[in-house]
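Note sheet for the following structure.
The values are calculated or read from the model by the stated rules, or taken from the named source; none is laboratory data. Computed from a prediction, not measured in an experiment: that's the story for all the values here. Neighbour counts are summed over all protein chains in view; Cβ atoms, including those assigned to glycine, are modelled from backbone coordinates with ideal geometry.
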Amino acid sequence: MLGVALARALLVLALAATALAADFYAQLGVSRQAGDRELKKAYRKLSKQYHPDKNDSDEAKTRFLEVSRAYEVLSDPEKRKTYDRFGEEGLKQQEGGARSGDPFDVFRQAFGFGGGGGGGQQQQQRRGQNMLAEIEVDLKAMYEGDSMKFSVARKAICEQCDGSGAKSEKDIVTCPVCEGRGVRVVRHQLGPGIFQQMQMHCDRCGGRGKSIKHVCPSCNGARIIDSHSDLNLHIDRGMPEGADVVFEGEADESPEWVAGDVIVRVRSKKQKGGFVRKESNLYWKEPISVAEALLGFKHTVKGLDGHDIVLSRTGVTQPGLVDVITGEGMPIYHLSGHGDLFVEYQVVLPAKLSPKQHEDGSHSLSSAQADGLRLRYLRLTLPAGTHLDILDPS
């Protein structure tokens with residue numbers, strides 16, 4: 001009796017452990033009888049939905065890892081067989097703790113090889129072209145960091161036929177011309193009794209060795225459809241001008257090649273009268289009046305994040321003088337601290353003087369000459385013949 005009770009207890013524990021274990025079929029949303037084609041279709045849909053390039057939430061990252069692990073197991077005939085018999089725990093024992101460490105490898109394989117399960121022999125395919133897009137963002141976004149969503153038009157493998165071009169798997173038959181070899185043999189007579197035998201690409205099946213009786217109604221046999229990819233661009237604080245952000249495998253898809261990458265090149269918009277960036281430093285031109293150039297001033301400029309930057313000088317400020325304000329530049333990319341702010345002061349002359357201002361200015365200049373005050377400075381820095389009012393025009 002004790003032995004029977006112990007056996008029942010162990011069975012209950014085993015069933016509880018099985019219930020708590022991950023259900024790979026449920027994670028992919030397929031039945032336990034799902035074939036390779038259905039598995040791949042489900043994985044492609046879910047991995048796109050939860051890929052970190054499109055969804056940066058913690059929940060999405062967890063789901064991406066889960067569906068990648070599920071597809072890795074179920075697309076391999078041996079692993080799937082073990083999982084079906086002994087569950088995830090039995091699979092872990094068979095693997096000895098050595099699991100595939102990179103879910104992106106699973107992603108690349110699923111999108112790089114068309115029309116077959118992941119457990120079969122994989123043939124290396126050529127890589128498709130990358131797509132380059134240039135995006136201009138506000139300098140403020142590169143100062144503070146930001147994210148933005150955008151869409152890229154692309155070709156995608158038809159989900160209805162999984163890139164086969166056929167209405168159903170039964171419509172895929174061996175090519176009657178090349179008999180499945182993908183090439184056909186052609187003989188040419190060069191002379192009496194002399195023949196040349198050549199192998200040529202089969203025009204009927206395009207070298208695939210298969211023909212299609214009824215084409216897929218969705219792609220009309222083209223195997224690909226017009227689509228788009230919604231991406232989420234992360235702009236890091238202090239990101240360099242012209243930095244490339246790579247979205248792996250998001251370029252045009254095809255059963256014939258591994259999808260290339262979408263490369264987004266990020267630059268800041270050029271804004272007249274605003275901050276100018278050079279690497280981690282910022283440059284600013286600050287206008288001042290003649291009176292301020294002679295007597296000093298205190299101005300406030302709004303930084304890119306809205307904080308106040310105080311520009312203050314006493315005494316004479318030469319036109320074109322550049323002040324360096326330490327630590328008020330761009331954030332240094334992937335490091336702490338900021339670059340510097342270079343402020344160039346531009347003296348703004350009055351466009352026109354009233355008769356009274358002209359008279360007062362002349363009197364002031366005469367007094368300054370009599371007193372030996374900075375007259376040489378005024379004559380050197382102002383255009384010849386310009387009448388200057390050293391009083392504040394405002």
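Going through the range 60-79 one residue at a time, which ones are charged (D, E, K, R) and over 14 Å from Lys45 (Cα atoms)?
Once the filter is applied, which keeps residues that are charged (D, E, K, R) and over 14 Å from Lys45 (Cα atoms), the range 60-79 yields Lys61, Arg69, Glu72, Asp76, Glu78, Lys79.
Restricting to the range 315-334, give me the number of residues that are assigned to a strand (DSSP E or B) and surrounded by fewer than 15 Cβ atoms within 10 Å (Cβ to Cβ).
2
Report, by residue number, each residue of the range 77-91 that is in contact (Cβ under 8 Å) with a residue 40 or more places away in the chain and buried (at least 17 other Cβ atoms within 10 Å of the Cβ).
Within the range 77-91, Lys79, Tyr83, Gly87, Glu88 meet the criteria.
Run down Glu159, Glu169 and say which single residue is more than 35 Å from the chain's Cα centre (by Cα), within 26 Å of Ser211 (Cα to Cα) and of a type in the set (D, E, K, R).
Glu169
Would you confirm whether any residue within the range 284-295 is among the charged types (D, E, K, R) and under 18 Å from Asp340 (Cα atoms)?
So far as the range 284-295 goes, yes, one or more of its residues are among the charged types (D, E, K, R) and under 18 Å from Asp340 (Cα atoms).
What number of residues within the range 211-246 are loosely packed, with under 13 Cβ neighbours inside 10 Å, in a strand (DSSP E or B) and not acidic (Asp, Glu)?
2
Just the residues that are touching a Gly at 6+ places or on another chain (Cβ under 8 Å), β-branched (Val, Ile, Thr) and either crowded, with 17+ Cβ neighbours inside 10 Å or in contact (Cβ under 8 Å) with a residue 60 or more places away in the chain (or both), please, taken from the range 151-206.
Listed by number, the list holds a single entry, Ile157.
On the given criteria, is Ile390 at pLDDT below 90 and either part of a strand (DSSP E or B) or more than 24 Å from Lys140 (Cβ to Cβ) (or both)?
yes
Could you check the range 304-314 and list, in sequence order, the residues that are buried (at least 17 other Cβ atoms within 10 Å of the Cβ) and in contact (Cβ under 8 Å) with a residue 40 or more places away in the chain?
Hit for the range 304-314 is Leu304, nothing else.
Return yes when Leu74 is modelled with pLDDT of 85 or more, assigned by TED's automatic domain parsing to the domain that holds Asp23 and crowded, with 16+ Cβ neighbours inside 10 Å and no when it is not.
When the stated conditions are applied, Leu74 passes them.
Please verify whether Arg187 is part of a strand (DSSP E or B) and over 28 Å from Pro52 (Cβ atoms), treating the condition exactly as stated.
For Arg187, the condition - part of a strand (DSSP E or B) and over 28 Å from Pro52 (Cβ atoms) - is met.
Could you tell me whether the range 346-354 includes any residue that is in a loop (DSSP other than H, G, I, E, B) and touching a strand residue (DSSP E or B) at 6+ places or on another chain (Cβ under 7 Å)?
No, the conditions are met nowhere in the range 346-354.
Given the criterion more than 19 Å from Asp146 (Cα to Cα), assigned to a strand (DSSP E or B) and without any contact (Cβ under 8 Å) to a residue 24 or more places away in the chain, identify the matching residue among Lys285, Lys298, Lys272.
Lys298
Yes or no: Gly209 of a type in the set (Gly, Ala, Ser), free of Cβ contacts under 8 Å to residues at least 40 places away in the same chain and out of contact with any Pro (no Cβ under 7 Å at 6 or more places or on another chain)?
Taking the combined requirement at face value, the residue satisfies it.
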